[in-house]
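In what follows, a single structure is set out as structure tokens and then discussed.
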Amino acid sequence: MQSEHMTQPNGANLAGPNPASAAPPSFRSEFADHAMNYCRLGASHADLAEFFKVDVATIDRWKVEHPAFCEAVKKGQTLADDEVVNRLFRQACGYSQVVTKHANYKGQFTDSLEYVKHHRPDTRACIYWLNNRRPDQWRNKISTELSGPEGGSSGTVDAALLKLEAEQLFLRFYESCSSSHQQHDNPA
């Protein structure tokens, strides 16, 4: 009976490499720069593995065997994370930006106007920021134990008091953002 795969005398498969037995590509020093740049764009380990046409275990092995590759991946991820933190902070506090509006008439450019567009603080971004930066003060789940007369349960929550406390914390956060935003716009 004839084999399904034709082989050369040295045993090599003439039909091409078998993906299951193919060795991953050898590491090259330029992979570190590629990894850092790709991680700056938000690439995960799975994305890197796909980019280099290897499996995730190979990426992990390269990180252990090649310190420059490991540092490049960490640096790229840190830069990407820092950019997200910066944008989240700006969105939480509100920001201003210079915008140019162009006017045209019948497809012909007629005028442009530069103005400052103000973006209001985003409450959801504030809550997200505070939930993660100050979890002891800001939680998604509030657990309150109340007791009534003689140690029994009162059965009611003073919602107005809780709302007032939350509003005061938000106002303090908003004021601190506003003051840092003004200092950023008007350096001394």
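What Kirkwood hydrodynamic radius do you get for segment 94-139 when you take the inverse of the mean 1/r over all pairs of distinct Cα atoms, in Å? List each step's numbers first, then the result.
Values: mean 1/r = 0.0732 Å⁻¹.
It works out to 13.7 Å.
Highest first, please rank the peptides 105-112, 162-169 by the mean number of other Cβ atoms sitting within 10 Å of their residues. Working shown, then result.
Values: 105-112: 7.8, 162-169: 11.5.
Per-residue mean Cβ counts within 10 Å order the peptides as 162-169, 105-112.
Within 10 Å of each candidate Cβ there may be at most 11 other Cβ atoms; applying that plus a DSSP loop requirement, which GluC sites (Glu not before Pro) in segment 55-133 survive? It would help to have the intermediate numbers written out before the result.
Values: sites: Glu65, Glu71, Glu83, Glu114; in loops: none.
Passing both the DSSP loop test and the Cβ count: no residue.
Excluding residues on the same chain fewer than 8 positions from Lys75, give the lysines whose Cα lies under 28 Å from its Cα.
Lys53, Lys63
Quick note: the coordinates plus some simple rules give every number you see, no bench work behind them. Model, not experiment: these values are computed from the prediction. Cβ: placed from backbone, ideal geometry, glycine included. Neighbour counts: every protein chain shown.
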